[in-house]
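Report on one structure; see the data block that follows.
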Amino acid sequence: METTQLTPLMGMTLGQLQAVVAEMGMPRFSAGQICRWLYEKRVESIDEMSDLSKPNRARLAAKYCVGRYAPMREAQSIDGTVKYLFAAGDGTKAVESVYIPDDDRATLCISTQCGCKMGCSFCMTGRQGFHGSLTAHEIINQVLSVPHSEKLTNVVMMGMGEPLDNVEAVLQVVEVMTAQWGLAWSPKRITVSTVGLLPGLKRLLDETSVHVAVSVHSPYHEERAGIMPIENAYPLRRVAALLSGYDFRHQRRLSAEYIMWKGINDDDAHAEALARLLKPLGARVNLIRFHAIPGTKFDTADDATMVHFRDLLNSHGIICTIRRSRGEDIAAACGMLAGKVKE
Ligand code: SF4
């Protein structure tokens with residue numbers, strides 16, 4: 001980071017940059033020039049913004065910085081997955097991002113919060129409690145500052161935190177990533193995952209066209225509430241009612257994330273109930289192998305059971321895949337991200 005005293009420009013929208021240049025007494029079109037330097041040319045300092053006059057660059061640099069900062073640490077898996085640790089907040093906290101190369105795709109799984117309030121019982125992030133939401137700057141920095149940034153084909157907001165518990169920052173990041181003045185990505189390259197926070201979900205559905213992934217894990221109210229406390233506030237049936245008002249049969253994709261636990265949610269009755277819930281929504285299902293974390297009562301479902309569960313959903317016309325586990329040896333797989341709170 002250039003300095004913590006300065007306000008980062010990276011992560012700002014065109015509208016916010018127009019306000020910055022107005023405050024600096026610079027011409028309005030300078031906001032578009034700054035966007036190009038930030039998001040197209042990806043410079044690291046204001047001094048490199050060579051089409052701004054020298055006095056304007058100096059004035060801008062007295063109060064602002066670009067805000068690019070590299071990860072503090074990385075861990076490489078034998079399967080090519082790389083986990084990065086980024087500083088967050090006042091520098092005493094950190095979050096993790098996971099780079100997942102796969103044939104012609106390169107996906108980055110990013111974090112939106114330091115810790116999480118949702119308290120899902122199977123998740124390491126939930127276990128560590130909540131230590132603050134990331135700013136749009138801290139979220140987009142993960143995308144722009146990982147070593148393979150230029151090669152990324154997809155971004156999934158499935159790392160630490162509940163994205164829709166930080167909805168303003170998440171919507172701002174989606175705007176920066178998809179706007180022509182920003183990274184100009186298709187929204188189809190972005191997936192936002194959620195446990196189903198209804199107010200944020202409605203905004204995400206109305207204000208963007210990114211893909212949506214809902215963490216389901218059980219089709220039954222009582223059982224889901226026992227695993228995911230959010231079910232008490234926003235039951236799945238209300239989430240499904242909201243989702244049923246949107247079209248997921250064409251460009252936009254809705255997926256249900258389903259971690260499979262032995263003897264808990266892996267039998268035929270669960271598959272049938274899941275099919276009844278998801279078929280009318282046009283959702284597909286990702287079955288996820290559970291990665292045991294210390295002190296949980298859960299066991300990983302058998303491979304044969306997962307294959308049978310998938311086939312049963314397929315027989316109901318639901319596209320269902322078993323997600324390949326990646327980065328397990330570096331604790332980068334689903335539910336394993338913990339970040340670190342520095343001593
Ligand atoms: S699974 Fe997601 S929402 Fe639940 S505690 Fe973990 S990070 Fe939070």
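Read-outs throughout are calculated quantities, based only on the coordinates presented, and are distinct from any laboratory measurement. As the structure is a computational prediction, the values presented were derived from the model and not from experiment. A quick note on method: Cβ atoms are made from the backbone with ideal geometry, for glycine too, and the neighbour counts reach across all protein chains shown.
Please state the charge dipole magnitude for the chain, taken about the Cα centre, from unit charges on C-beta atoms (+1 on K and R, -1 on D and E), reported in debye and rounded to the nearest 20. Numbers along the way, then the final one.
Working: 38 positive and 38 negative charges, 136 e Å.
Dipole size: approximately 660 debye.
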Taking Cα atoms, the helix 136-145 axis meets the longest principal axis of the chain at an angle in degrees (rounded to 10) of 90 degrees
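Taking Cα atoms of the chain, Rg/Rh with Kirkwood Rh, to two decimals? List each step's numbers first, then the result.
On the way: Rg = 20.9 Å, Rh = 21.0 Å.
Computed over Cα atoms, the ratio is 1.00.
Mean separation of Cα pairs under 8 Å and 6+ residues apart, divided by the residue count of the stretch 7-65: what relative contact order is that in percent? Spell out each step's value before the answer.
On the way: 46 pairs, mean separation 21.9, N = 59.
Relative contact order for the stretch 7-65 comes out at 37 percent.
Please tell me which of these pairs span more than 21 angstrom C-alpha to C-alpha: Lys151/Lys202; Lys83/Lys151; Lys41/Lys188; Lys83/Lys188? Show your work: numbers first, answer last.
Working: Lys151/Lys202 31 Å; Lys83/Lys151 16 Å; Lys41/Lys188 23 Å; Lys83/Lys188 24 Å.
Pairs exceeding the cut-off: Lys151/Lys202; Lys41/Lys188; Lys83/Lys188.
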How high is the relative contact order of the stretch 79-341, given as a whole-number percent (alpha carbon pairs under 8 Å, six or more residues apart)?
19 percent
Can you check how the C-alpha radius of gyration of the stretch 59-114 compares to 2.2 N^0.38 Å, as a plain ratio?
1.43
For the chain, calculated [θ]222 nm from helices alone, where every DSSP H run of n ≥ 4 adds -39500 (n - 2.57):
-8500 deg cm²/dmol
